[in-house]
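Data block below; observations after.
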Amino acid sequence: KMQSTLIFKGKVSRQHREMVNVFVGLKNGCEYCVFHHSALALTVGVSKDKLDAVEKYAESPLFDEVEKLILRYAEEYQNRPGASPEVIESLRKHYSEEQLVELDVLLGVANLANRLNVSFDIEIDHAPEPQAALSRRAGG
């Protein structure tokens, strides 16, 4: 129920949540998570170009200021508990405390799901593969 709420409800936009899920999945090497969250991202309006560029968000003109901040927050979260005070203060200009807490929970759940899926070598379902995941596997 909690993961469903994080995916489908909440104060953080669906586009932001799915970009974060794809980004974290890529950082953790979770093909299963990247596959499914890429498909969800496409259905909520994240472009294939953004998905393909999400790991290079900082240099990409495709991402706006808030998107770059949430992805930087996610990247810092991968390397230490939480993000730097600078990133948190910058995000507070755009996100409420409730949204920041939701983002933290989302990152924690995504990391846990990624690690479990990788540890147990969970295979991707046989549903039609989203184009973003296909091009990512081919190195695109």
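Here, each number is a calculation from the coordinates, and none is a lab measurement. What you are looking at is a predicted structure, and each value in this text was computed from that prediction instead of being measured. When we count neighbours, we look across all protein chains shown, and the Cβ atoms used for this are built from the backbone with ideal geometry, even at glycine.
Using θ = phi - 60° in the Karplus curve 6.51 cos²θ - 1.76 cosθ + 1.60, the 3J(HN,Hα) couplings for region 18-23 round to 6, 4, 5, 4, 5, 4 Hz; x is entered for Gly and Pro.
3J(HN,Hα) along region 24-33, derived from phi through the Karplus expression 6.51 cos²θ - 1.76 cosθ + 1.60 where θ = phi - 60°, amounts to 5, x, 5, 4, 8, x, 9, 4, 4, 5 Hz, with x in place of Gly and Pro.
Which net charge results for the neighbourhood of Pro61, defined as the other residues with beta-carbon distances under 12 angstrom from its beta-carbon, given Lys and Arg at +1 and Asp and Glu at -1? Value of the local net charge: -2. Altogether, the Stokes-Einstein calculation at 37 °C and 0.692 mPa s, with the Kirkwood radius of region 1-114 over Cα pairs as Rh, returns a diffusion coefficient of 237 µm²/s. Size descriptors for region 53-109: radius of gyration and Dmax over Cα atoms are 10.9, 29 Å. For a Förster distance of 30 Å, can you work out the FRET efficiency between the beta-carbons of Ile124 and Lys56, rounded to the nearest 0.05? That gives a FRET efficiency of 0.80.
Computed on region 5-62, the Cα convex hull volume stands at 81 Å³ per residue.
Here Glu89 and Asp64 are evaluated by their C-beta separation; at R0 = 22 Å the FRET efficiency comes out at 0.75. FRET efficiency for the Ser96 to Ser47 pair, using the beta carbon distance and R₀ = 25 Å, is estimated at 0.45.
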